[in-house]
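Derivation of every value follows stated rules applied to the coordinates shown; laboratory data play no part. The shown structure was predicted, so the numbers you read here are calculated from the model rather than taken from an experiment. Cβ coordinates were reconstructed from backbone atoms using ideal geometry, including for glycine residues, and neighbour counts include every protein chain displayed.
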Amino acid sequence: MAAQQLPDGLHLDTLAVRTALERSQYGENSEALYLTSGYVQSSAASSAARFAMEEEGFTYSRVGNPTVSSMEMRLAALEGTEAAVATSSGMSAILLLGMALLKAGDHVICSQSVFGSVIPMFSREFAKFGVETTFVPQTDVAAWKAAVRPNTRLLFAETPTNPLTEVCDIRALADIAHNAGAFLAVDNCFATPVLQRPVFMGADFIIHSGTKFLDGQGRVMAGAICCTQKQRDELFLPVIRTAGMVLSPFNAWVLLKGMETLAIRVKAQSTSTLAVAQWLQAQPQVARVFYPGLPSHAQHELAMRQQSGSGGAVLSFEVKAPDVDAARKNAFHVLDSMQVLSLCTNLGDTKTLAAHPASTSHGRLSEAQRQLAGIGQGLIRVAVGLEHIDDITADLARGLNTL
Ligand SMILES: Cc1ncc(COP(=O)(O)O)c(C=O)c1O
């Protein structure tokens, strides 16, 4: 299962278009979509050797698929890791991470500001199997350090976070993890490898929801863990081939095509996001804008250093309101007044998507957990797409101007 031969030192834009498994005997230019569950074996002996992992070759698509392999190779090339394991969604990548890495009695330290479903994944699902998790403030390095225990096995962070765009210091967390003999996993959904490559700052595992920018056009669910080849072969493959949270070849093929335009999309969408953030900051009905590209953002300098000088393509803002009920009403009014933007909880799409985190992505959290995560009822998240900037601001102005 060799990759196509490419010269060393290629740039990310080139790797995004060119990295894939070697072509089939037909010489297809665009990577082939292998929609097959099984593979015909040349002999019973070869089949036995492949199932025993003693011989390279495909057997069954829960164990491996050429289109999925191409997608994994391409993502690993972008992240700068040796390998990647594709999964059926971003959440199943985190499930795979936990299943492969953790056992009863282990301890995890997780940012309290991560994507809403990640919190119950650790606090409820992994807890059922005897794994304890301490949630700490995303940006407080001392709190991460203080939470370390002798049985700490994993530190889990997302940067910037969904939806408040809090930025953590990846290098500092990697040092804490490694000094404790633990691993650091970083969810790189928001920044993507175009803006940030956590492995070069010491992260051990890079988590992706491919559903976001990697697809980039809101079509499929996908996820991945980027890691070393040894971790892929010895840690993750034995679990995924048993547990089966694999990526479908069709979705892998969509991601392969999506990644070809990743750099150009992320850069264009990030430029527009900065402009939308600056515009929102000047609106009298807006209490606060959360965007790492703004100098007013608490970790602006760190973000600029860590994210190639860009704030990324997602921002959040809070509408002004006298109390919690009015905040929710005002946020709903802005969202319901939109005529162009989509009221949709995804992000990383070419279409601009706006959502109300408190009642959607973070709706399953208790009020206390939500408050801890800083998700107010007046908060709106905007994942900026490729529409003209004036049309995006005009659509948000419809609701803001009529509050
Ligand atoms: C930062 C982040 N990580 C992980 C996920 C989960 O990904 P998926 O929806 O593909 O399971 C999401 C989903 O919104 C997310 O925003």
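List of remarks:
- The orientation-averaged projection of the convex hull spanning the C-alpha atoms of the stretch 1-144 amounts to 12.4 square nanometres.
- Convex hull volume of the chain per residue (C-alpha atoms, cubic angstrom): 139
- For the stretch 139-254, fraction of C-alpha pairs farther apart than 20 Å, in %: 48
- The H on the amide N of A287, modeled in the peptide plane, is under 5 Å from the matching H of E318, V319, K320, each at least 5 residues off or on a different chain.
- Length released on extending from I389 to F51, taking residue separation times 0.36 nm less the Cα-Cα span: 116.4 nm
- Springs join every pair of Cα atoms under 10 Å in this Gaussian network model of the chain, and among T81, T228, T59 the largest mean-square fluctuation is at T59.
- Among V194, V254, V40, the residue with the largest mean-square fluctuation in a Gaussian network model of the chain, with springs joining Cα atoms closer than 10 Å, is V40.
- Y34 long-range amide H proximity, modeled H, under 5 Å: T67
- Which listed pairs, of K212/K320; K267/K320; K103/K212; K212/K267; K145/K212, have C-alpha distances above 20 Å, in listed order: K212/K320; K267/K320; K103/K212; K145/K212
- Sites excluded, GluC sites (Glu not before Pro) in DSSP loops with at most 11 other C-beta within 10 Å, longest stretch of the chain: 57-403
- With only the Cα atoms considered, the stretch 238-326 has a convex hull volume of 194 Å³ per residue.
- Comparing mean-square fluctuations of G57, G202, G223 from a GNM of the chain with C-alpha springs under 10 Å, the top value falls on G57.
- Rounded to the nearest 10 degrees, the angle from helix 249-260 to the longest Cα principal axis of the chain is 60 degrees.
- Overall form of the stretch 301-403 per C-alpha gyration tensor (a/c, 1.5; a/b vs b/c): oblate
- Near S47, once Lys and Arg are set to +1 and Asp and Glu to -1 for all other residues with Cβ below 12 Å from its Cβ, the sum equals -1.
- For the chain, the longest principal axis of the alpha carbon atoms and the long axis of helix 170-179 meet at an angle near 50°.
- Farthest toward the positive end of the dipole of the chain, out of I375, F200, Q306, is the Cα of I375, where the dipole comes from beta carbon charges about the Cα centre.
- Computed lengthening from F200 to T261, 0.36 nm per intervening residue step minus Cα-Cα distance: 19.7 nm
- Using alpha-carbon coordinates, inclination of helix 90-101 to the longest axis of the chain, degrees: 60
- Listed from fewest to most Cβ neighbours within 10 Å, the set F205, F115 follows the order F115, F205.
- Cα-based shape type of the stretch 180-237, given that a ≥ b ≥ c are square roots of the gyration tensor eigenvalues and the cut on a/c is 1.5: oblate
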